[in-house]
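The values are calculated or read from the model by the stated rules, or taken from the named source; none is laboratory data. Since we're looking at a predicted model, the values are computed, not measured. Cβ atoms come from the backbone with ideal geometry, glycine included; neighbour counts cover every protein chain shown. In case anyone asks, the SASA skips ligands and DNA or RNA and just uses the protein heavy atoms, side chains included. Shrake-Rupley method; radii C 1.70, N 1.55, O 1.52, S 1.80 Å.
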Amino acid sequence: MSKLFKSLFGQVVLALIGGIIIGLFWPDFGQNLKPLGDGFIKLIKMIIPVIVFCVVVQGICGASDLKKVGSVGVKAIIYFEVVTTIALLLGLVLALVVQPGAGMNIDPSNLDASSLSGYMANAGKVKETGFAEFIMKLIPATAVSAFTSGDVLQVLLISVTFGCALLLIGEKGAPVVALVASLSDAFFKCMSFFIRLAPLGVLGAIAFTVGKYGIGSLKQLALLVLLFYGAVIFFVLVVLGGILRASGLSIFKLIRYLREELVVVLATTSSDSVLPQIMKKLEHMGIKKSTVGLVIPTGYSFNLDAFSIYLTMAALFIAQATNTHLSMGDLAAILAIALVTSKGAHGVPGSAIVILAATLTTIPAIPVVGLVLVLSIDWFIGIARALGNLLGNCVATVVIASWEKDIDKVRARAVLNGESVAPLVEENPVIELMGVTVKPAQLG
């Protein structure tokens, strides 16, 4: 027990229990602890853009082959689209079969839409975003603004461009690559400082939520909540588990390996809070840094599996609750539109409600005001959304690494089995660039 409580995992679990107790018995005090959770997430998000930049640039330069980079990118996008479509279909089918909203008989005219005003404003922007606008949004106003905005896709664009440029200029770029490697080490060390604060962040986030909404908040719309949790568990264990099994690894062992990060995500409902640690752990499993650096950041915007399940499930729930009949054409439209709108979810304030609103406004039959029905349970839904999205991206990285033969399967199995393996050597790395071998220490 002493060893458990000294570990980060044990401390986070203790903080989780403590937050629930504080929220239950001292709700006002619990709500006042909200800055602890918000501050922890802000600390993590503060350095995510720089870490993504360093990891991607190092990965591309380490690959020494632009064809390899392109191959990983194309396979990642194809994988994301296929798996996301499966997730959307799962949410649609389960909602049609279980009918979670049937019998509520809600009259849309009696719903108060005032709480949706902020979400609808952002939804309008998402809805108006066509393919051309989406591409333009990927391009930052300046190279610096990509980092200040925190948009992972914009940072990824800068990173890939800069990495390819360094690769092509050859020996002249070696000092810059060495500098990026040193910056990466420094920022990951900063991250190790911040992650020690995870128990405080978890305590604040849980105490606030329980203090504000009460432990019984989950009873409202319980069937939708339970159905969604069941869908995410099924998707993770059966769909993702089957995909991972085809690569020779176990989803259960992967979940156990990532348990500390998953507990943090559970409490903060944000997968951003563990992005750097996840990338490090996947590299420790034996996956090449270049593959991790390309797949994980891209997946945060393009591979939102659990979010996709919720998008179609919630749309049908609202239709059923308001006794709205949907034709096969409407169902096909929901599926097609959700496949597009889900790509704009990451980085949008109140993303779940905003993207859902943007989807519903294109389906005239469904009253958008029905979003009021799911507002009160969004935090509870958000837990499973964040966990499912994170695991989906981790599995995607393993699978694409397997396709590209960028994973040491022997090391991966040993790590997932909990066996002791030698740490990867990253201090003072040797950098190979266009046939030139350089050590950062030699460059001062």
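The table for this structure:
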| item | result |
| --- | --- |
| Residue in segment 238-250 that is farther than 19 Å from LYS409 by Cβ, modelled with pLDDT of 85 or more and of a type outside the set (Lys, Arg) present | yes |
| Close pairs (7 angstrom Cβ cut-off, 6 or more residues apart or separate chains): at positive phi in segment 278-302, crowded, with 24+ Cβ neighbours inside 10 Å anywhere | GLY286/ILE407; GLY286/ALA412 |
| Pairs with Cβ under 8 Å, 6+ apart, first in segment 244-257 and in contact (Cβ under 8 Å) with a residue 12 or more places away in the chain and of a type in the set (S, T, N, Q), second buried (at least 17 other Cβ atoms within 10 Å of the Cβ) and part of a helix (DSSP H, G or I) | SER247/VAL398; SER247/VAL399; SER247/SER402; SER250/GLY241; SER250/LEU244; SER250/LEU416 |
| Selection within segment 291-333 - under 14 Å from the mean Cα position of the chain (by Cα), farther than 24 Å from VAL160 by Cβ and either hydroxyl-bearing (Ser, Thr, Tyr) or open to solvent by 20 Å² or more (accessible area, probe 1.4 Å) (or both) | SER308 |
| Matching residues, segment 43-61, being of a type in the set (Gly, Ala, Ser) and either open to solvent by 60 Å² or more (accessible area, probe 1.4 Å) or modelled with pLDDT of 80 or more (or both) | none |
| SER182 in contact (Cβ under 8 Å) with a residue 24 or more places away in the chain, open to solvent by less than 50 Å² (accessible area, probe 1.4 Å) and in a helix (DSSP H, G or I) | no |
| Single residue of segment 279-323 satisfying the filter (in contact with a Gly (Cβ under 8 Å, 6 or more places away or on another chain) and of a type in the set (Val, Ile, Thr)) that is modelled with the lowest pLDDT | THR298 |
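Condition check ((1) in contact with a helix residue (DSSP H, G or I) (Cβ under 6 Å, 6 or more places away or on another chain); (2) modelled with pLDDT under 85; (3) surrounded by 14 or more Cβ atoms within 10 Å (Cβ to Cβ)) across all residues:
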residue: LYS6; (1), (2), (3): no, yes, no
residue: GLY19; (1), (2), (3): yes, yes, yes
residue: PHE25; (1), (2), (3): no, no, no
residue: PHE29; (1), (2), (3): no, no, no
residue: PHE40; (1), (2), (3): yes, yes, yes
